Amino acid sequence: MSTNDFESLVQKGFSFLVSDYHFRCVEVTNHVVRFESDKVFVAVRYDAYRSYELDVEIGELNVLYGGQERPFNMGEILRLEGVAEKERYTFFQASTPSVLANCVAKLSSLLSTYAVELLQHNEFVFKRLSGLRERECDQYELKSKLAHIRREVQIAWKNKDYAKVVTLYKPVESSISDAEKKKLAFAEKQVK
């Protein structure tokens, strides 16, 4: 499959950015086609050499985080709009020209349907998207922390080290299950 297929498919499939939103194509390589308006960028990325993954990113120009642009992907946009499940969104992979054409068409359709306010640079929607990312990162961090705590509690419980069970569970008490709260209450009684 030629990388020219990717470039031409994207320029054709995302031409609505130019005609409807006054974007201009500013970069075309074998792995990215980038469009920009005065305030927003859209980048269609394709890893044609390893994973064959394809995605669309959108972000605000001149809004940097840690000195770098902060693009949001299609999955984040669909989760913000509450339609990721309805759209059966998953990552896109394309290793043949026909699959690539279908993926580009689907991504173009999703962007034109669910990212209108972002394409028009609605700063409030960008802030909501940023908030979604932060919440998802916090949830992931909490989930990882709880997994670690649960492993430690299991060991402490087995060793009847109830003081350690209390020490581990108490800071995350609002996030543990009812069964774990009962275990905490039992451990607190044993420590007293």
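Assorted remarks:
- Size of electric dipole in region 35-113: Cβ of Lys, Arg +1 and of Asp, Glu -1, about Cα centre, debye, nearest 20: 220
- Measure of compaction for region 5-101 (Cα Rg per 2.2 N^0.38 Å): 1.11
- Whole-Å semi-axes of the ellipsoid equivalent to the chain (Cα gyration tensor, √5λ, descending): 46, 19, 14
- Loop sites in region 59-107: GluC sites (Glu not before Pro), DSSP, at most 14 other Cβ within 10 Å: Glu85
- Projected over every direction and averaged, the convex hull enclosing the alpha-carbon atoms of region 99-180 yields 9.1 nm².
- Positive-end residue, region 1-130 charge dipole about Cα centroid, Cβ charges, pick of Ser51, Val83, Val26: Val83
- Taking each DSSP H run with n ≥ 4 as -39500 (n - 2.57) and averaging over every residue of the chain yields -17500 deg cm²/dmol at 222 nm.
- Portion, in percent, of the accessible area of region 4-128 that falls on carbon or sulfur, probe 1.4 Å: 46
- Percent RCO, i.e. relative contact order, over the chain, from Cα pairs under 8 Å lying at least 6 residues apart: 14
- Computing FRET efficiency as 1/(1 + (r/R0)^6) for Asn159 and Gln139, where r is the C-beta to C-beta distance and R0 is 30 Å, gives about 0.45.
- Violating pairs (Cα-Cα greater than 20 angstrom) within the set Lys143/Lys189; Lys143/Lys192; Lys12/Lys127; Lys86/Lys127; Lys39/Lys86; Lys145/Lys181: Lys143/Lys189; Lys143/Lys192; Lys12/Lys127; Lys86/Lys127; Lys39/Lys86
- Residue (of Pro171, Leu142, Gln154) at the positive-pole extreme of region 100-192, dipole from beta-carbon charges: Gln154
- On Cα atoms only, tilt of 123-158 relative to the major axis of the chain in degrees: 30
The values are calculated or read from the model by the stated rules, or taken from the named source; none is laboratory data. Keep in mind that this is a model prediction, so the values were computed, not measured. All Cβ positions, glycine included, derive from the backbone under ideal geometry; neighbour counts span all protein chains shown. For accessibility, only protein heavy atoms count, side chains too; no ligands or nucleic acids. Shrake-Rupley method; radii C 1.70, N 1.55, O 1.52, S 1.80 Å.
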